[in-house]
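The values are calculated or read from the model by the stated rules, or taken from the named source; none is laboratory data. Just so you know, these numbers come straight off a predicted model, no measurement behind them. Cβ placement follows ideal geometry from the backbone for every residue including glycine, while neighbour counts extend to all protein chains displayed. We work out accessible area using only protein heavy atoms, side chains counted, and drop any ligands, DNA or RNA first. Shrake-Rupley method; radii C 1.70, N 1.55, O 1.52, S 1.80 Å.
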Protein chains: 2
Amino acid sequence: MKSATLMQVAERAGVSTATVARVLKAKGYVSEEARARVEAAVKAIGYRPNAMARGLRQRRSFTIGHMLDAIIVNPFFVNVAHWAEEEALDHGYKTFLFNHNGLAERERIGIERFIERRVDAVLFTNAVSTENVRLLAAAGIPALQLERSRTPAAPAIRVDNTVGALQAMAHLAGLGHRRIAFIGGDPELIGRGDTAGPTVEDERLAAYGAGLAAAGLAFDPALLRLGKYYSLSESGSGSEGYRHTRALLALPERPSAIFATCDILAAGALQAIYEAGLRVPDDISVIGFDDTLAANLTPQLTTVAQPMEELGRIGFRAVLSAIETGTWPDQPLLPSRLVQRRSTGPAPT
Amino acid sequence: MKSATLMQVAERAGVSTATVARVLKAKGYVSEEARARVEAAVKAIGYRPNAMARGLRQRRSFTIGHMLDAIIVNPFFVNVAHWAEEEALDHGYKTFLFNHNGLAERERIGIERFIERRVDAVLFTNAVSTENVRLLAAAGIPALQLERSRTPAAPAIRVDNTVGALQAMAHLAGLGHRRIAFIGGDPELIGRGDTAGPTVEDERLAAYGAGLAAAGLAFDPALLRLGKYYSLSESGSGSEGYRHTRALLALPERPSAIFATCDILAAGALQAIYEAGLRVPDDISVIGFDDTLAANLTPQLTTVAQPMEELGRIGFRAVLSAIETGTWPDQPLLPSRLVQRRSTGPAPT
DNA sequence: TTGTATGCGTTATCAG
DNA sequence: CTGATAACGCATACAA
């Protein structure tokens with residue numbers, strides 16, 4: 001038994017479809033009596049508006065597309081997608097997800113799907129190719145980047161990586177650490193994109209340097225390990241962090257603290273340290289970034305939290321504004337912040 | 001600039017809309033010449049079919065709903081959702097996600113949204129209320145449960161929990177463990193649902209007992225810890241496992257191995273053990289369930305893997321069959337299996 | 001306060 | 001092989 005139509009409701013209530021529409025949308029004048037009859041009819045036959053018909057007529061699908069990097073490898077993406085969806089729900093919207101896994105070709109396919117579905121806007125967490133993003137502009141669909149800007153072809157709500165990273169460094173320095181290693185994304189490897197200015201990786205790396213300087217610590221290139229966050233093909237997604245940490249522990253003078261710019265990297269670091277028979281934080285402290293895996297790791301990880309809920313919610317509200325008014329609200333720089341748990345402690349003496 | 005319409009393509013190609021439709025759907029006779037002209041026009045104006053119009057006309061949205069428990073707390077759900085989506089993509093479908101967080105009321109709202117969107121079918125991972133699921137039947141929408149059956153109101157593709165759990169127990173027993181603890185979901189607390197027969201929790205618990213018996217080990221009630229998998233309100237989602245493990249370690253004669261029926265529980269167990277200054281697997285072995293967090297934990301967790309990709313893919317194909325032919329294919333019982341990593345080792349002597 | 005009529009962009013059914 | 005034309009279910013401009 002397929003759902004009833006508005007016309008059937010009208011018939012049953014003995015009014016016109018226009019009247020039914022008026023009570024359903026709660027706009028326009030309707031007599032109390034007609035309203036009651038319509039409501040009774042709606043209930044009686046279990047009427048539910050057909051979103052496709054509505055969308056076709058209104059030229060609005062009440063749907064947005066959310067382009068993600070790789071939802072099953074990094075929980076960061078799940079989280080922002082979740083909160084964007086939650087906010088969307090509050091506004092009568094639904095979101096479509098699509099994972100490009102870092103591949104421009106996949107991203108293109110996803111965007112084409114979004115266009116066919118006539119999404120009212122799309123969120124990128126994150127974008128891959130400027131050319132692809134322009135496809136949306138060409139179709140008249142607003143697009144917004146979340147967390148990082150990879151292309152000038154769409155506005156972005158970015159995160160202030162510096163503030164949290166600086167807190168992390170100050171925390172470590174305050175604990176007496178003098179040899180602090182850094183495991184992070186290589187600005188060149190991660191993909192700088194087409195946006196001018198420092199990338200997320202540049203910022204985190206710069207904050208490491210600034211944190212060192214602020215604490216009066218010298219920079220030691222041996223303590224700097226740059227690479228990818230994870231490789232999609234490898235199981236044990238923390239393997240990059242694991243490898244870097246093994247190298248760090250093999251140093252003649254090993255670090256007493258490691259600042260990893262991703263919880264996944266930190267997870268691998270924790271494994272390497274454990275395997276070496278060292279204890280966290282007694283022998284070595286570890287800080288991560290994102291606050292995704294953190295609370296599940298052993299020991300619970302001190303990490304720089306990203307504002308995932310704000311990113312999702314504010315991001316959705318921003319595109320909603322673009323949809324409804326054609327204008328973008330101010331794009332705030334959302335702060336990251338240090339969350340202390342149990343993986344950091346005083347430097348060993 | 002909004003996307004062009006089929007009619008505009010027709011005009012530009014100098015043919016009727018019917019002809020355009022024929023070349024687009026690759027069915028019906030079209031002369032080579034007409035086809036070429038249409039294809040050129042499509043390319044020229046960047047035409048993309050409007051899925052809403054198509055859906056309205058065909059009474060099919062090429063969309064399915066996927067009802068999930070709580071995507072941000074348990075990666076298990078992300079994974080099956082991801083693979084179902086992936087399979088859907090291969091068949092021209094998109095999925096809508098909705099998290100009910102274990103609440104029947106939320107589930108009802110989600111289902112209503114799905115109905116309004118006119119999804120062609122819905123997947124439950126997992127269902128909460130029979131009454132809600134019946135809403136779909138009333139609307140003529142096929143529904144399928146994945147991983148576990150909570151209601152007789154829809155068919156289910158379930159997982160064979162026994163096989164993997166038995167492997168886990170045999171693995172532990174083979175390693176010489178004689179005091180094996182069990183931390184699992186309480187069959188009563190988790191929600192038995194309305195389906196007759198043993199629940200997932202019953203099965204895992206039974207396998208524990210059977211594994212003990214097979215190894216000639218006595219059952220010790222002190223080693224049995226039943227509760228919830230996690231509480232949604234608590235950060236550090238492994239806290240349930242942490243608490244149970246603390247209790248276990250405080251026993252006069254503590255276990256040398258713990259079998260936790262969820263990686264999240266195992267993550268908490270690992271934290272408690274670490275905090276107690278014990279080493280895994282030297283002092284105590286741990287096995288989890290699901291294979292979600294496993295590879296990221298310290299040490300990498302031996303766990304009973306659930307067939308998440310198969311669940312998603314086979315699940316989608318099953319509903320597709322229901323949509324297209326009105327019949328359900330055979331529902332296989334998908335096997336779980338032990339994945340050995342580094343958290344299990346010989347029992348200490 | 002209410003009803004009529006039209007069109008949103010497709011697909012499908014007919015004739016031709 | 002091709003072209004009119006009529007729905008699909010709803011929203012809205014316009015009349016009444």
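Please grab the % of Cα pairs in segment B:279-328 that end up more than 19 Å from each other.
Details: 606 of 1225 pairs.
Roughly 49 percent, once rounded to a whole number.
What are the radius of gyration and Dmax of segment A:159-306, computed over its Cα atoms and given in Å?
Rg and Dmax of segment A:159-306, Cα atoms, are 14.1, 44 Å.
Which semi-axis lengths, in whole Å and largest first, follow from the square roots of five times the eigenvalues of the Cα gyration tensor of segment A:252-337?
Values: eigenvalues 295, 25, 14 Å².
Equivalent-ellipsoid dimensions as semi-axes: 38, 11, 8 Å.
Under 11 Å from the Cβ of B:GLY191, count the other residues' Cβ atoms, weight Lys and Arg +1, Asp and Glu -1, and hand me the total. All intermediate terms of the calculation are to be shown ahead of the outcome.
Working: positive: B:ARG148, B:ARG150, B:ARG192, B:LYS228; negative: B:ASP69, B:ASP186, B:GLU188, B:ASP194, B:GLU201.
Residues near B:GLY191 contribute -1 overall.
Just reorder B:TRP328, A:TRP83 by solvent-accessible area, largest first, 1.4 Å probe, all chains present. Let's see the in-between values first.
Working: B:TRP328 85, A:TRP83 50 Å².
Descending order: B:TRP328, A:TRP83.
Based on alpha-carbon centroids, what's the gap between segment A:65-137 and segment B:53-90 in Å, whole number please?
Measuring centre to centre over Cα atoms gives 14 Å.
Give the share of C-alpha pairs in each 5 angstrom bin for segment A:6-49, from 0 to the last occupied bin, in whole percents, shortest bins first.
Binned Cα distances yield the sequence 5, 29, 40, 21, 4.
Mind running the shape call on segment A:173-252? Use the C-alpha gyration tensor, a ≥ b ≥ c as the square roots of the eigenvalues: rounded below 1.5 for a/c, prolate if a/b tops b/c, oblate otherwise. Walk me through the numbers before you get to the answer.
On the way: a/c = 2.57, a/b = 1.17, b/c = 2.19.
Oblate is the answer for segment A:173-252, as a/c is 1.5 or above yet b/c matches or exceeds a/b.
On the principal axes of its Cα set, how long, how wide and how thick is segment A:141-220? Give whole Å, largest value first.
52, 21, 16
Which Cα, out of B:ALA318, B:PRO49, B:SER285, lies furthest along the positive dipole direction of chain B (beta carbon charges, K/R +1, D/E -1)?
B:PRO49
Over segment A:6-49, with every protein chain in place, what whole percent of the accessible area is carbon and sulfur at 1.4 Å, could you tell me?
Carbon and sulfur atoms account for 54 percent of the accessible area of segment A:6-49.
Quick one: compute the contact order of chain B, relative version, from alpha carbon pairs under 8 angstrom and 6+ residues apart, as a percent. Can you show the working numbers first?
Values: 686 pairs, mean separation 57.3, N = 349.
So the answer I get is 16 percent.
From the alpha carbon gyration tensor of segment A:298-349, can you work out the equivalent ellipsoid semi-axes (sqrt of 5 times each eigenvalue) and give them in Å, largest to smallest?
Working: eigenvalues 291, 21, 4 Å².
Square roots of five times the eigenvalues give 38, 10, 4 Å.
Grab the DSSP H runs of chain A that are 4 residues or longer, score each as -39,500 (n - 2.57), total them, divide by all residues and round the 222 nm result to the nearest 500 deg cm²/dmol. The partial results should precede the final answer.
Numbers: 13 runs with 152 residues, N = 349.
The helix-only estimate for chain A comes to -13500 deg cm²/dmol at 222 nm.
Could you pull out every residue, at least 5 positions away or on a different chain, whose amide H is within less than 5 Å of the one on B:ARG337? Hs are placed 1.01 Å off N in the peptide plane, and Pro or chain starts have none.
HN-HN under 5 Å from B:ARG337: B:ALA305.
For the protein assembly as shown, what class follows from the C-alpha gyration tensor (a ≥ b ≥ c being the square roots of its eigenvalues): rounded when a/c is under 1.5, otherwise prolate if a/b is larger than b/c, else oblate?
Working: a/c = 2.12, a/b = 1.38, b/c = 1.54.
Oblate shape, in that a/c is at least 1.5 and b/c is the bigger or equal ratio.
Please work out the Cα center distance from segment B:241-294 to segment A:205-221, rounded to the nearest Å.
Cα centroid to Cα centroid, the span is 38 Å.
First compute the accessible area of segment B:50-118 with a 1.4 Å probe, then give the percent of it belonging to carbon and sulfur atoms.
50
Anything losing 40 Å² or more of accessible area from the isolated chain to the full protein assembly: pick those residues out of segment B:273-320, probe 1.4 Å, ligands and DNA/RNA ignored.
B:TYR274, B:ARG279, B:ASN296, B:THR298
Quick check: Cα centre of segment A:159-187 to Cα centre of segment B:320-338, how many Å?
One Cα centre to the other: 50 Å.
Enumerate the amide H contacts of B:ALA121 below 5 Å, restricted to partners 5 or more residues apart or on another chain; note that Pro and chain-start residues carry no placed amide H.
Counting only residues 5 or more places away or on other chains, the set is B:GLY65.
Go ahead and run the numbers for FRET between B:ARG54 and B:GLU310, Cβ-Cβ distance against an R0 of 30 Å, rounding to 0.05.
On the way: r = 31 Å, r/R0 = 1.02.
In this case the efficiency is close to 0.45.
By per-residue mean of other Cβ atoms within 10 Å, what is the highest-first order of A:247-255, B:267-275, B:21-29?
On the way: A:247-255: 14.7, B:267-275: 26.0, B:21-29: 12.8.
The packing order, highest mean first, is B:267-275, A:247-255, B:21-29.
Any idea of the total accessible area buried by the B-A contact, 1.4 Å probe, rounded to 100 Å²? Kindly include the intermediate steps, with their values, before the conclusion.
Working: alone 16840 and 16860 Å², together 27790 Å².
Answer for the B-A pair: about 5900 Å² buried.
Tell me, which residues of segment A:22-59 get at least 30 Å² less accessible area when the other protein chains come in, versus the chain alone (1.4 Å probe)?
So the qualifying set is A:ARG48, A:PRO49, A:ASN50, A:ALA51, A:MET52, A:LEU56.
Translational diffusion coefficient of segment A:93-153 at 4 °C, 1.567 mPa s, Stokes-Einstein with Kirkwood Rh over Cα pairs, in µm²/s as a whole number. It would help to have the intermediate numbers written out before the result.
Details: Rh = 11.4 Å.
Stokes-Einstein gives a translational diffusion coefficient of 113 µm²/s.
Per residue, how much accessible surface does segment B:38-164 expose to a 1.4 Å probe? Answer in Å², no decimals. Mind dumping the intermediate values first?
On the way: 4100 Å² over 127 residues.
Ligands and nucleic acids excluded, the result is 32 Å² per residue.
As a test of the definition: which semi-axes, in Å, follow for segment B:1-139 when you take the square root of five times each eigenvalue of its alpha carbon gyration tensor? Largest first, please.
Working: eigenvalues 315, 46, 30 Å².
They are 40, 15, 12 Å, listed from largest to smallest.
Find the all-direction average of the projected area of the Cα convex hull for chain A, expressing the result in square nanometres with one decimal place.
Values: hull surface 85.2 nm².
Mean projected area for chain A: 21.3 nm², to one decimal.
Taking the simple approach of a point 7 Å from Cα along Cα-to-Cβ for both A:GLU275 and B:ALA250, what is their distance in nm?
3.5
What's the average, rounded to a whole number, of partner chain beta-carbon atoms within 10 Å of each residue's beta-carbon in A:207-219? Kindly include the intermediate steps, with their values, before the conclusion.
On the way: counts 0, 0, 0, 0, 0, 0, 0, 0, 0, 0, 0, 0, 0.
If you average over the peptide's residues, the count of other-chain Cβ atoms is 0.
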